[in-house]
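Scroll down for the structure; my scribbles are underneath it.
FYI, it's all coordinate maths here, none of it is from the lab. In this text, all values refer to a predicted model and were calculated from it rather than measured experimentally. Reconstructed Cβ throughout: ideal geometry from the backbone, glycine too, with neighbour counts over all protein chains shown.
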Amino acid sequence: MSHMKPYGGRKDAMPNPDSRQRFANLDHGRGGPEGSDQAEGAGEDRDQGGEDEPDVDPEPEKKYSDADLDAILQQKMARERKKIERQVRESIAKESEEAETEAKKLEGMTELQRAQHEARMLRAENEALKAEQNLGEQMAIARRELSEAGISMGDDLLSMFVAAEAERTATAIDRIKELWPKAINEAVQRELKRTPPEAERRGGGKSYGASFADRYNKQMNGGK
């Protein structure tokens, strides 16, 4: 009686449990349909979870009490006080340095040289004071002469022409008397080329040219 061999004569005809496990692992690693769906679902859950995170509350606006405001004000005042004190100290130090320099200069001089130096300093101070007085006098003279000529100027404008020397002031006054009426006349002529206002056409009040001349004169005198 002959014995029949198994089909194919192979011992591994039956599936090996270990092989099945390896294939299962490979399918899981490749991300099969079910695995892909699960992964996508997990990703969507993560995205949705990120959107559902609560917003961070903004930092509340800081409010200051009266005590806080007083403290801030005191700090600012202290800084300003220190700044002023520093400037005063620097000014005193500068004056002290200048006085020390002057003292050293005098120490190296003979009695005659010291007397001559002090005389020069006194003469310079007197000249500065005299120039200031002369300028004030020339301002008064110029203001009076221009007023007699019907020209009124403010001190700011007048000081641009007046000098401490009488001759220079006289020349400036003559030029102002010559140029001022011309400047006003030219400005009036330019304005007369424009259409006069309705009030002037009705014949009431000053003429347009006269009114403009007054306004122009005041404007050139700083509103005076």
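What does the charge add up to near Met139, with Lys and Arg as +1, Asp and Glu as -1, over the other residues with Cβ less than 14 Å from its Cβ? So the environment of Met139 carries a net charge of -3. What is the sum of charges around Leu106, taking Lys and Arg as +1, Asp and Glu as -1, for the other residues whose C-beta is under 14 Å from the C-beta of Leu106? Charge balance near Leu106 sits at -2. Under 14 Å from the Cβ of Met77, count the other residues' Cβ atoms, weight Lys and Arg +1, Asp and Glu -1, and hand me the total. So the environment of Met77 carries a net charge of +2. Length gained on full extension, Ala149 to Leu69: 22.7 nm, using 0.36 nm per residue less the C-alpha separation.
Here the gap between Gln133 and Leu157, fully extended at 0.36 nm per residue and compared with their Cα-Cα distance, gives a gain of 6.8 nm.
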